[in-house]
Amino acid sequence: MPARRETRSRRSDGDVFISPLVARNASRAMAELFSPYRRALEWRRVWLALAESQAELRLGVSRSAVRSLRAGLRRINLARADAYERRVRHDLVAHLLAYADVAPAARSVLHLGATSMDIVDNADLLIMRAAMRRVRDWLANVVFALADQARRYRSLPCLGFTHYQPAQLTTVGKRIATWTWDFVRDLQEIEQRIDGLMFRGMRGATGTQASFLAQCGGRASTVAELERRVAIKLGFDRCEPVTGQTYSRKVDAAVLAALAGVAVSVHKFANDLRLLANLREMEEPFERTQVGSSAMPYKRNPMLSERATGLARYVISLCSSAYQTAAEQWLERTLDDSSNKRIIVPEAFLAVDGMLQIVLHIARGLVVYPQVIRAHVMAELPFMATEEILLAAVRAGGDRQALHERLRRHAQAAAREVKRHGGENDLLERLEADPAFSGLRPRSLVRSAAFIGLAPRQVDEFLRRVIAPIRRRYRRVPRLVTEIVR
């Protein structure tokens, strides 16, 4: 039987691996940013900006060459570029030849003075900046959705947990505000990374700009003006002050660290939700026809939260690879960064895009069960109220030490009833039956609102001082639609 002939076109079929990051998680918009088409387009945008600037400064590029490049900008034939690459074994040169085919008037001057990284690195920065803006918009949407839920449940008392053991009360809204604050930090970090991203510049083979200096007749000021014009055309107002052949790979590492920070927040949020789902206090939205388990029809597993934690762990792990790549660069550059960078940068963004969609979907449709929450509060609240009951009994003329001993015995008996027999917390009934406390009406002293401290006020202050300015700053950000139910 003859061997089946494999071609690149078969990569869209069902008999080859397709990354789940694209097939099941990331939005189409994010996936398109890292597509072969977008990469080729950004390379052409850099070539065009360089040629336009060279023409403006009369550095050997004609206006007709620029017009030809502009006309052919989006006439991208990936199959033709693939064919060239099989021959020349250099992806950028392959795309240069493919661009020249659709811009023949510019063939003789295309890539004039440049080295590969003048094109590749600057294009990578363009894509990374666009991807960070996409993450920024997801984060803003997440912050707003969670803030809405924090306001809604600002004063609903619930058990707080330390060491995953019942502790003092808090409110559901306060807990949600705490999650939100983590995502606000991430938003601020991504904003800083976007604002701080600089154009690599047009630097040549080792970063000295020697080829451009020769092209500019030895005039350093003209080289600087050429670089400035290219940067502005591509939306940058600053260039890296010094580089080797590449911009420092610490730039990529810093961006991935910011994405890992987002992953940490997602992991924390999703894990907390999984714990609360087990307590039946809160859960992610569940579709009407969704199946929770193939074996147990009654189950409503926190599947989206579990998916988010898995993606988050992956992004956190990618961060270390980015730092190792930055550390491994020799002198002006080595090529061992390329194969790694082509994987970890897109996949970090694709995974973060997917997990933020999950968080946004959950935040908008968060399911809260106030009656279950209240039952859990009331199971523990009598223990928390013992100090207040003791103070009231002393004010009524009782002996503090004797009353404390009575309270201790009643509390331990009630705890045994709960732990050993699965009964309800009957501490209040025991106290009301004890003559030393019955006149105080202990039940009237046990009010959950008296044990939540400043939680509602803290939520209000957080929404006013932190969230309101973000809402004003992002008032034009669209309400993004999630695509995670796949």
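All of the numbers you see were taken from the coordinates with simple rules; none came from a lab. Quantities reported herein were computed from a predicted structural model and do not represent experimental measurements. Here Cβ is always computed from backbone atoms with ideal geometry, including for glycine, and neighbour counts include all displayed protein chains.
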Among A270, T162, V359, flag the residue with its Cα farthest along the positive direction of the charge dipole of the chain, charges on Cβ as +1 for Lys/Arg and -1 for Asp/Glu. V359
Once the cut-off is 28 Å, how many percent of the Cα-Cα pairs in the range 1-152 end up in the long-distance tail? 38 percent
What is the set of long-range amide H partners of C158 at a cut-off below 5 Å, with H atoms built 1.01 Å from backbone N? T170, T171, V172
Difference of contour (0.36 nm per residue) and Cα-Cα distance, V264 to R70: 65.5 nm
Largest first and rounded to whole Å, the semi-axes √(5λ) derived from the alpha carbon gyration tensor of the range 31-106 read 22, 14, 10
The chain: antiparallel bridges as % of DSSP beta bridges, rounded to 5, reads 90 percent
Quickly work out the N77-to-Y164 label distance, labels modelled 7 Å from Cα along the C-beta direction, and quote it in nm with one decimal. 6.1 nm
Could you state the principal axis extents of the C-alpha atoms in the range 386-445, from the largest down, to the nearest angstrom? 36, 22, 17
Under a Cβ-only charge scheme (Lys and Arg +1, Asp and Glu -1), can you give me the dipole magnitude of the chain about the Cα centre, in debye to the nearest 20? 1280 debye
Distribution of pairwise C-alpha distances over the range 206-361, 10 Å bins, in %: 9, 26, 23, 18, 12, 8, 4, 1
Most to least packed among 331-343, 64-76 [average Cβ atoms within 10 Å]: 64-76, 331-343
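Taking 1 over the mean of 1/r across every pair of different Cα atoms in the range 165-211, what Kirkwood radius in Å do you get?
Here the Kirkwood hydrodynamic radius works out to 14.9 Å.
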Label points 7 Å out from Cα along the Cβ direction at E32 and L213: separation in nm? 4.4 nm
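Rounded to the nearest 0.05, what FRET efficiency do R473 and A396 have when you use their Cβ-Cβ distance and R0 = 41 Å? The partial results should precede the final answer.
Working: r = 56 Å, r/R0 = 1.36.
About 0.15, to the nearest 0.05.
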About the Cα centre, charge dipole magnitude for the range 224-371 (Lys/Arg +1, Asp/Glu -1 at Cβ), debye: 340 debye
Put a dot 7 Å past each Cα toward the Cβ at Q324 and A220; how far apart are the dots in nm? 4.1 nm
Tell me the Kirkwood hydrodynamic radius of the chain in angstroms, computed as one over the mean inverse distance between distinct C-alpha pairs. 26.9 Å
